[in-house]
Amino acid sequence: MIEIGIMGGAFNPIHSRHLMVAQAAIDQLGLSKVIFVPSGEPPHKKTGMLDKEARFRMVKAACAGNRHFVASRVEIDRPGPTWTIDTLKQFKQEFERKFGPAQTVRLNFIIGEDNLPILRDYDRRAEFLSLCRLVVSPRATCDAAALERWQEVLPEAEIAILEVPANEVSSTLIRNWIDAGHSVRYLVHEAVYRILMREGYYAPRKNLAMAGVVRKRKKT
């Protein structure tokens, strides 16, 4: 069986925990690759979200150093609101065309434990879960009791829980730290850090103005 990981999200911005979880899924579940799918126009757009091309550029930069990581434009290029269930359907069809019916391909949708309640209440949950196995990144460490609990809540789902070290890094934390003037180096991939610093993403207006002055001076 060919195991493909799918990690979707705003990636606003992508950070070290995203990469750590994806690598854990590859190592522990034998995934051949993890496809990172930044959202294009999410139905419930968050405030302070960067332009989709800017977010994709950082995802692509973060994936560049790992041959098992792939940055996908599937939602970036799709017009209108982007829904994950449509993305899973599209990938399923593409892999069936690529490998043919003789090969079995399973999609593994990587999701944070904190997002499971949203999936539980999703009106198309059964259809969604028929398209993939859920690969859950827990808040703490792998817990057999947690697996049993979520299996009861989502009886239609096939679930695997990753063993991932506890880590408080989040996109919100990254944005807040940049806004406060703190360094986020080592909280994000080095290539992402360079983009954040060069473009001044998430920085307060006064910091953006200063960054513009610095860039202008360097060119003279």
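The values are calculated or read from the model by the stated rules, or taken from the named source; none is laboratory data. Keep in mind it's a predicted model, so treat the numbers as computed, not measured. Methodologically, a virtual Cβ is constructed for each residue, glycine included, from the backbone with ideal geometry; neighbour enumeration extends over all protein chains shown.
Checked against (1) modelled with pLDDT of 95 or more; (2) out of contact with any helix residue (DSSP H, G or I) (no Cβ under 6 Å at 6 or more places or on another chain), residue 112 meets all criteria but (1).
Screening the candidates 11, 36 for the property of being among the aromatic types (Phe, Trp, Tyr), in a loop (DSSP other than H, G, I, E, B) and either in contact with a helix residue (DSSP H, G or I) (Cβ under 6 Å, 6 or more places away or on another chain) or free of Cβ contacts under 8 Å to residues at least 24 places away in the same chain (or both) yields one hit, 11. Residues that are without any contact (Cβ under 8 Å) to a residue 12 or more places away in the chain and either in a loop (DSSP other than H, G, I, E, B) or aromatic (Phe, Trp, Tyr) (or both) do occur in the range 151-174, at least one of them. The listed residues are 16, 39, and the only one of them that is of a type in the set (Ser, Thr, Tyr) and touching a His at 6+ places or on another chain (Cβ under 9 Å) turns out to be 16. Of all residues in the range 46-71, those being small (Gly, Ala, Ser) and buried (at least 21 other Cβ atoms within 10 Å of the Cβ) number 1.
Taking the criterion of being of a type in the set (Lys, Arg) and touching a residue at least 60 places away in the same chain (Cβ under 8 Å), the only residue of the range 92-142 that qualifies is 106. The set of residues from the range 73-88 being out of contact with any Ser or Thr (no Cβ under 9 Å at 6 or more places or on another chain) and in a helix (DSSP H, G or I) comprises 85, 86, 88. Residues in the range 14-31 that are in contact (Cβ under 8 Å) with a residue 60 or more places away in the chain and polar (S, T, N, Q) were compared, and the one that is surrounded by the fewest Cβ atoms within 10 Å (Cβ to Cβ) is 28.
When you look at residue 135, is it buried (at least 16 other Cβ atoms within 10 Å of the Cβ) and either assigned to a loop (DSSP other than H, G, I, E, B) or in contact with a Lys or Arg (Cβ under 7 Å, 6 or more places away or on another chain) (or both), yes or no? It is false that residue 135 is buried (at least 16 other Cβ atoms within 10 Å of the Cβ) and either assigned to a loop (DSSP other than H, G, I, E, B) or in contact with a Lys or Arg (Cβ under 7 Å, 6 or more places away or on another chain) (or both). For the range 70-109, which positions are among the small types (Gly, Ala, Ser), modelled with pLDDT under 90 and under 17 Å from residue 42 (Cβ atoms)? 80 - this is the single residue of the range 70-109 that is among the small types (Gly, Ala, Ser), modelled with pLDDT under 90 and under 17 Å from residue 42 (Cβ atoms). Among the residues of the range 114-132, how many are surrounded by fewer than 17 Cβ atoms within 10 Å (Cβ to Cβ) and either of a type in the set (A, V, I, L, M) or part of a helix (DSSP H, G or I) (or both)? Residues in the range 114-132 being surrounded by fewer than 17 Cβ atoms within 10 Å (Cβ to Cβ) and either of a type in the set (A, V, I, L, M) or part of a helix (DSSP H, G or I) (or both): 8 in total. Can you tell me which residue among 78, 97 is within 24 Å of residue 130 (Cα to Cα), among the charged types (D, E, K, R), surrounded by fewer than 16 Cβ atoms within 10 Å (Cβ to Cβ) and over 15 Å from the mean Cα position of the chain (by Cα)? Sole residue among the options that is within 24 Å of residue 130 (Cα to Cα), among the charged types (D, E, K, R), surrounded by fewer than 16 Cβ atoms within 10 Å (Cβ to Cβ) and over 15 Å from the mean Cα position of the chain (by Cα): 97.
For the range 52-64, the criterion of a residue being over 13 Å from the mean Cα position of the chain (by Cα) and not in a helix (DSSP H, G or I) is satisfied by at least one position.
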